[in-house]
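These notes concern the structure reproduced below.
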Amino acid sequence: MFLSVLSAAGADPDPTKTPQTPKPVTLDDAHESAENAASWVEENWSTWLAIGLRILLIVVIAMVLRVIVRRTITKFIDRMNRTAQAVDGTALGGLLVNVERRRQRSQAIGSVLRSVASFLILGTAALMVLSTFEINLAPLLASAGVAGVAIGFGARNLVTDFLSGVFMILEDQYGVGDSIDAGVASGEVIEVGLRVTKLRGDDGEIWYVRNGEVKRIGNLSQGWATAGVDVTVRSDEDLDKIKRVLGEVGERMSKDEPWNEQLWGPIEVLGLDSVLLDQMVVRVAAKTMPGKSLGVERELRWRIKRAFDAEGIRIVGGLPLAQEEAPAADPTAGMAAPSAFASATSPQSQTASPIPPQNLSK
């Protein structure tokens, strides 16, 4: 259309020719240009309309699909939270399920799933829109691939941390409130992120542990814990009496609060752990709530010590036995008797001397 207007105006497209004075535009030339533009629009309006409708349809479908997928994920996460709350109402559920932990874990999973779904849907829609304009996507995809590889090499630690965090959350390796040993640090989990996990140490310090650096996880708050106490007594104590006293201590402790809630099983006397010449070790153990084993062990030692003192059972490490004093050693016992050879005028010395002494007065 632009060339037709130039030709109608008398413009010379060849720059090598000598420029001439343009001809004045007449009414017939303008009418012809308008007819050419109208014919071009009439020929191509259907194509543009089809492209516009196709783009509109792609955008509408992508947005509707995105909303449906996000709502589906949100409902799934809400159902997980309701299931956790229902289990939390039971007697055992209150011990095994942490509602806050399940809520944060489900929110993290939902956020990851929604972000991935939005990226896939909108990315696919953008590629379809570009293909509608008949744009060659091969160079674009190749450039995106090269850029992705470069970013992957440059930020490989970040990608490793992110992927490790995703799998830790999906596999529920630990959560908020758990006591874990991550190798590089240990403590109570106060926040779980996709890149960094926050731990509260025993002395109150906060550890920021990158998820990609964690090679092993020891979770001390899942399932149940074991409280074990080693009682060291003298080797001449009555074993039946010791077993009876320990059984009474465990039975009374199992009935007292709050230990009856923290103990998940009876306190058992496992027997002799070792026997030596001057001492023997009796092992006592019990299953407890996760994270409550240290408190149970301290209380159990306290009660065992008081019960042993009342029964007269001596624990190794008490006062030593009184020993009889040995008589003082004779200071002259290590002295030798005087020798006859000590004097030069003694008969023994004169006999042993090979040269007799000479008289120097002559």
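A quick yes/no check of all residues on (1) open to solvent by 50 Å² or more (accessible area, probe 1.4 Å); (2) β-branched (Val, Ile, Thr); (3) at pLDDT 85 or above; (4) closer than 30 Å to PRO290 by Cα:
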position	(1), (2), (3), (4)
ILE68	yes, yes, yes, no
ASP88	yes, no, no, yes
ASN98	yes, no, no, yes
ARG105	no, no, no, yes
LEU113	yes, no, no, no
I need every pair where a residue in segment 254-283 that is hydroxyl-bearing (Ser, Thr, Tyr) has its Cβ under 7 Å from the Cβ of a residue that is surrounded by fewer than 16 Cβ atoms within 10 Å (Cβ to Cβ) and not in a strand (DSSP E or B), sequence separation at least 6 or different chains. SER254/ASN260; SER254/PRO266
Determine, yes or no, whether ILE267 is open to solvent by less than 20 Å² (accessible area, probe 1.4 Å), touching a helix residue (DSSP H, G or I) at 6+ places or on another chain (Cβ under 6 Å) and either farther than 28 Å from VAL166 by Cα or hydrophobic (A, V, I, L, M, F, W, C) (or both). no
Residues satisfying the stated conditions in segment 59-73, i.e. of a type in the set (Val, Ile, Thr), closer than 11 Å to ALA117 by Cβ and touching a residue at least 40 places away in the same chain (Cβ under 8 Å): VAL69, ILE73
Of the residues in segment 220-237 that are closer than 12 Å to VAL282 by Cα and touching a residue at least 60 places away in the same chain (Cβ under 8 Å), the one that is surrounded by the most Cβ atoms within 10 Å (Cβ to Cβ) is VAL231
Would you say ARG298 is out of contact with any helix residue (DSSP H, G or I) (no Cβ under 8 Å at 6 or more places or on another chain), over 30 Å from ARG195 (Cβ atoms) and touching a residue at least 60 places away in the same chain (Cβ under 8 Å)? no
Out of segment 280-309, which residues are of a type outside the set (Ser, Thr, Tyr) and under 15 Å from GLU261 (Cβ atoms)? ALA286, LYS287, MET289, PRO290, GLY291, LYS292, GLY295, VAL296, GLU299
Any residue in segment 187-209 that is touching a residue at least 24 places away in the same chain (Cβ under 8 Å) and open to solvent by less than 40 Å² (accessible area, probe 1.4 Å) sitting within a Cβ distance under 8 Å of a residue that is assigned to a strand (DSSP E or B) and among the polar types (S, T, N, Q)? List the pairs, counting only those 6 or more apart or interchain. VAL209/THR197
Among the residues in segment 262-271, are any of a type outside the set (Asp, Glu), over 18 Å from VAL231 (Cα atoms) and at pLDDT 85 or above? yes
State the number of residues belonging to segment 50-65 that are of a type outside the set (A, V, I, L, M, F, W, C) and open to solvent by 80 Å² or more (accessible area, probe 1.4 Å). 1
Restricting to segment 122-143, give me the number of residues that are in contact (Cβ under 8 Å) with a residue 40 or more places away in the chain and surrounded by 10 or more Cβ atoms within 10 Å (Cβ to Cβ). 6
Members of segment 173-186 found to be open to solvent by less than 20 Å² (accessible area, probe 1.4 Å) and either charged (D, E, K, R) or not in a loop (DSSP other than H, G, I, E, B) (or both), listed by number: ASP178, ILE180
Filtered residue count, segment 293-334, keeping only those that are at pLDDT 80 or above and either under 46 Å from the mean Cα position of the chain (by Cα) or buried (at least 18 other Cβ atoms within 10 Å of the Cβ) (or both): 20
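The values are calculated or read from the model by the stated rules, or taken from the named source; none is laboratory data. Computed from a predicted structure; not experimentally measured. Reconstructed Cβ throughout: ideal geometry from the backbone, glycine too, with neighbour counts over all protein chains shown. Remember, those area values only see protein heavy atoms, side chains included, never the ligands or the DNA or RNA. Shrake-Rupley method; radii C 1.70, N 1.55, O 1.52, S 1.80 Å.
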